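Since the structure comes first, as structure tokens, the remarks are kept for the end.
Values quoted throughout were computed directly from the atomic coordinates according to the rules given, and no laboratory measurement underlies them. No experiment lies behind these values; they were computed from the predicted model shown. Note: ideal-geometry Cβ built from the backbone for every residue, glycine included; neighbour counts use all protein chains shown.
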Amino acid sequence: MTQEHVDILVIGAGPSGCVSSSIVHNNGLKVMVVEKENFPRFVIGESLLPRCMVALTEAGLVDTVADQNFQKKFGAKFLQEDKVCEFTFADQFTEGWNWTWQVPRADFDSSMANKLVEKGIPVHFETAVTAIEFKGTDSITTVKDKDGNERQIHAKYVIDSSGWGRALPRLLDLDEPSSFPARKTLFAHFKDINRPDTHNNSQIIIIDHKPQVWIWVIPFSNGNVSCGFVGKPEFFDDFKGTAEENLRAMINSELNIRERLNDAPMVWEEPKTIEGYAIATKKHYGDGFVLTGNAAEFLDPIFSSGVTFAVESGMVAAKLACRQVKGENVDWENDYKKYIMDGVNCFRTYVRAWYEGKLQDIFFSPQIDENIKKMICSVLAGYVWDKENYYVKNHDRAIDTLASVVRMNKKEVA
């Protein structure tokens, strides 16, 4: 069996893996990437957040993405029947990037993976991890390619950015159920032939369709648009046709997108569905390995946090792994797990508040204070580590308190 030796092995060539491996390479260490799938391939997570730009810049990949001419994203619009709430990232509380992109993930991921190859980083596609053995922090990982050929990779550290593949959680029995209820999504790409001829007609739209059910509309620069419904499985059980018939029936039931997408041709042969996607892990790191991105935890697509956590965790993990391989002492508990979970828990508060209807009360209230809106805007931009922001530092009680005040004022007005 072929034996190969690297400083750091990265599992997965998605956004987290690309950021991690690029940073490791830039630090002068030998890195290799193994990826189970063949690119280009489709995954969800098509709307980035401005915070992503920090990690992409740190990894030297932001210019690569910019060259793809993806649709720029300057904010987000929330709709509930005839009510509208817009957040503009330029008006956020936190200093930093105030725009990002809306991306077809097949193109986004491929552009970064191709850049790794261009930089001289070995990227082995259609290569799955089948076993791993740790000797302290050193490890031997067995992988198998599409033709059945096996090789063993000796590494001083492993960064698992395998996403939904969850390579190490599967092999090391680290999977843990999420605290969120099971939810399902049905979605497709359409030719956006009825895109409105208005200002901000390429803005991402999130629609509060009915309690516990919401819709995303993400326009792309290629003339297509992504549209998906998210809700509890029983919502989808009420529709009895084919996947396309069901999705079109759902679209026709929502006034805010009916005219735009009713007769729009689908780009794919049929819509896609994902169910029970929220997942957690028993541990985020161990002797010789760290989990990043969806390999560690995934919450919910409502606020587009998935890619943000993927690249943020990939950036932080890569820097720490480089330090450890170079002989430095690393505090993985505080500098990695606690740091990442601070951001995850902040977003968790907002996700739960959305499904409880509290955020909708806040968003669509005509009385919301502009300074408060700026702080919430920073959260929606992904700046969930800014402890100067009251709605980050005190997220667990600030949103509940604000929602209670808004609801009380609403009653008094009524």
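What is the local net charge at G241, summed over the other residues whose Cβ is closer than 12 Å to its Cβ (Lys, Arg +1; Asp, Glu -1)?
-2
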Per residue, the convex hull enclosing the Cα atoms of the stretch 356-413 spans a volume in Å³ of 78
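Could you list R166, R258 so that the one with the fewest beta carbons within 10 Å of its beta carbon is first and the one with the most is last?
R258, R166
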What are the GluC sites (Glu not before Pro) within the stretch 216-295 that DSSP puts in a loop, where the Cβ has at most 13 other Cβ atoms within 10 Å? E269
Debye, to nearest 20: dipole size of the chain, +1 on Lys, Arg Cβ, -1 on Asp, Glu Cβ: 380
Only bridges with both residues in the chain count here: give the DSSP antiparallel percent, nearest 5. 70
How large is the dipole of the stretch 89-163 about the Cα centre if only Lys and Arg carry +1 and Asp and Glu carry -1, each at its Cβ, rounded to the nearest 20 debye? 240
Pick out, from W354, P233, W99, the residue whose Cα sits farthest towards the positive end of the charge dipole of the chain, with +1 on the Cβ of Lys and Arg and -1 on the Cβ of Asp and Glu. W354
Using helices alone, what [θ] at 222 nm do you get for the chain, with -39,500 (n - 2.57) per DSSP H run of 4 or more residues, divided over all residues and rounded to the nearest 500? -10000 deg cm²/dmol
Residue order, fewest to most beta carbons within 10 Å, for W268, W164: W268, W164
Taking a cut-off of 21 Å between Cα atoms, list the lysines near K410, but don't count ones fewer than 8 places away on the same chain. K83, K210, K358, K373
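Exactly which trypsin sites (Lys or Arg not before Pro) in the stretch 294-350 are in a DSSP loop and have at most 13 other Cβ atoms within 10 Å?
For trypsin sites (Lys or Arg not before Pro) across the stretch 294-350 that sit outside H, G, I, E and B with at most 13 neighbouring Cβ atoms in 10 Å, the list reads K326.
For a protection proxy built on the mean count of beta-carbon atoms within 10 angstrom, sort 70-81, 208-219 highest first, please.
Result, highest mean Cβ count within 10 Å first: 208-219, 70-81.
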Excluding I207 itself, what net charge comes from residues whose Cβ is under 13 Å from its Cβ, given Lys and Arg +1 and Asp and Glu -1? +1
Fewest to most neighbouring Cβ within 10 Å: what's the order for T281, T130, T292? T130, T281, T292
What GluC sites (Glu not before Pro) does the stretch 308-414 have in DSSP loop regions with at most 11 other beta carbons within 10 Å? E328
K73 long-range amide H proximity, modeled H, under 5 Å: T100, W101, Q102
Of the options A13, G165, V307, report the single residue whose Cα projects farthest towards the positive end of the charge dipole of the chain (beta-carbon charges: Lys, Arg +1; Asp, Glu -1). V307
Stretchable slack from A182 to R170, in nm (0.36 nm times residue separation minus alpha-carbon distance): 2.3 nm
